[in-house]
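J.: One structure follows; several queries about it will come next.
The values are calculated or read from the model by the stated rules, or taken from the named source; none is laboratory data. Remember, predicted model here, so these are calculated numbers, not experimental data. Every residue, glycine as well, gets a Cβ built from its backbone with ideal geometry; the counts of neighbours run over all protein chains shown.
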Amino acid sequence: MKILMWARSDLYDYIGGDRVQIENTANALRVLGVDVDIATDINIDIETYDLVHVFQLDWTPETYFYVQKARKHNKPVILSPIHHSLKEVHRFDNEYVFDYRRITKYLFREQHNRDTFKNIYRSLFNIKKARPTFLSLLIGLAAMHKRTLQSANVVLVQTEIEAKDLKETYNVDFEWEKVLNGVSRSFVDVPLVPSPIGVENYIISVGRVEPRKNTLKIIDAVADFRKKHNLDVKLVLVGKKSRNHIEYLIRFGFAVRRHSWIVHIEELENAKMPPLYQHAKVCVSASWFETTGLTLLEALFCGTNAVASGDRAKEYLGAYASYCDPGSVASIESAVEKEFFSARPKLPIEMKKTYTWENTASKIKGIYMKELVYAD
């Protein structure tokens, strides 16, 4: 069985949740004996592949052309849309914008038109995105997404909410399967080691420094929490600064210089994250929109309390997290306060067995095999 995993053209320019998902799934599939290649180029020869697995739908014009090419070559198509709530994205673009987005929110009311404008901007820095972006102006990004969903043999979603959102947003029906994402083996039964930063019970947040991840509001919430309880608690931020958000990064730089209790680690390989989670008391993900939030699963596996935002995270984490409104510093602070003074989580064995990349790969392999039987 030879599989092509086809991803956005800038997959290797920066680490995102889709890249983590793709690489971990591919590695686990290879252990199961599946021959997997990962590609980001529309011009790749796909003739030798038995099946094409396309990743990412939102604001990504390339996906449509990947699926159309696969169909032209009579290849079964699996789609992992990694779809975010359009309502959450729209709220974010209305309430929390910086740089050129201050203008685009007034120029473009419809979210897909906003996304197209953003792609034009991104094409200035990534020439591979230019042609699909230009064609999306002619076809329409929303129409492309709808046809992509209609053309897939099976759509793999991470939550039931994701499937519901896709159907409502694009007014389309499709066959779908829920496939849970997982965590790496390095996060299971983590041995106790000294704190890598020399302090204990800090608050941690993992993700790119950018408006969507809500870094500045998290800083403000922790500042309020420290002042309210007169506690010398550090905030550890792990993630690269997003190059697309100049104004936000300037504000972030001011905040880091103003608050000596902030520790910013720009890059750390995933295998070195468990000890950093382990000695934190709370992990905060207050994103404006997210699929599920793998960082919180990793944190919980390491015995760290979790603060999340959004209904999709709730479908994964249930009562093992406190939830906040990303638009409210007070809401984030309240959730942090609750988790900071709560006992550390004790996850059931069944949960630890469920959320693994091995399980993810096993289910996906079964779906591949079923679709290849149908194709024959």
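J.: Is it fair to say residue 332 is of a type in the set (Val, Ile, Thr), free of Cβ contacts under 8 Å to residues at least 40 places away in the same chain and farther than 25 Å from residue 196 by Cα? Give the derivation first.
T.: Details: of a type in the set (Val, Ile, Thr): yes; free of Cβ contacts under 8 Å to residues at least 40 places away in the same chain: no; farther than 25 Å from residue 196 by Cα: yes.
When the stated conditions are applied, residue 332 does not pass them.
J.: Of (1) surrounded by fewer than 20 Cβ atoms within 10 Å (Cβ to Cβ); (2) more than 21 Å from the chain's Cα centre (by Cα), residue 91 satisfies all except one. Which?
T.: It is condition (2) that residue 91 fails.
J.: Tell me whether region 56-65 contains one or more residues that are in a strand (DSSP E or B) and of a type in the set (D, E, K, R). Working first, answer last.
T.: Here is the first cut: in region 56-65, the ones in a strand (DSSP E or B) are none.
No, region 56-65 contains no residue that is in a strand (DSSP E or B) and of a type in the set (D, E, K, R).
J.: Of all residues in region 322-376, which are of a type in the set (Gly, Ala, Ser) and touching a Leu at 6+ places or on another chain (Cβ under 9 Å)?
T.: Residues of region 322-376 that are of a type in the set (Gly, Ala, Ser), as a first pass: 322, 327-328, 330-331, 334-335, 342-343, 361-362, 366, 375.
Once the filter is applied, which keeps residues that are of a type in the set (Gly, Ala, Ser) and touching a Leu at 6+ places or on another chain (Cβ under 9 Å), region 322-376 yields 361, 362, 375.
J.: Name every residue in region 312-352 that is closer than 23 Å to residue 279 by Cα, charged (D, E, K, R) and in a helix (DSSP H, G or I), in order of residue number.
T.: 333, 337, 338, 339, 352
J.: Within region 52-98, can you find the residues that are at pLDDT below 95 and touching a His at 6+ places or on another chain (Cβ under 7 Å)?
T.: 57, 58, 98
J.: I've got another one for you. Take residue 63 and tell me if it is touching a strand residue (DSSP E or B) at 6+ places or on another chain (Cβ under 8 Å) and either among the β-branched types (Val, Ile, Thr) or closer than 30 Å to residue 186 by Cβ (or both).
T.: Numbers: touching a strand residue (DSSP E or B) at 6+ places or on another chain (Cβ under 8 Å): yes; either among the β-branched types (Val, Ile, Thr) or closer than 30 Å to residue 186 by Cβ (or both): yes.
So residue 63 fits the description; yes.
J.: Still on this structure, I have one more. Show the residue pairs that are 6+ apart or on different chains and have beta-carbon atoms under 6 Å apart, the first residue being within region 10-23 and within 20 Å of residue 132 (Cα to Cα), the second being β-branched (Val, Ile, Thr).
T.: So the pair list comes out as 11/40; 18/82.
J.: Then there's this: Is at least one residue of region 302-323 within 21 Å of residue 192 (Cα to Cα), surrounded by 20 or more Cβ atoms within 10 Å (Cβ to Cβ) and of a type in the set (Val, Ile, Thr)? Talk me through it step by step, then tell me what you get.
T.: Looking only at region 302-323, we keep the residues that are within 21 Å of residue 192 (Cα to Cα), and these are 302-306.
Those left that are additionally surrounded by 20 or more Cβ atoms within 10 Å (Cβ to Cβ): 302, 304-306.
Right, trim to of a type in the set (Val, Ile, Thr) and you get 304.
For region 302-323, residues within 21 Å of residue 192 (Cα to Cα), surrounded by 20 or more Cβ atoms within 10 Å (Cβ to Cβ) and of a type in the set (Val, Ile, Thr): present.
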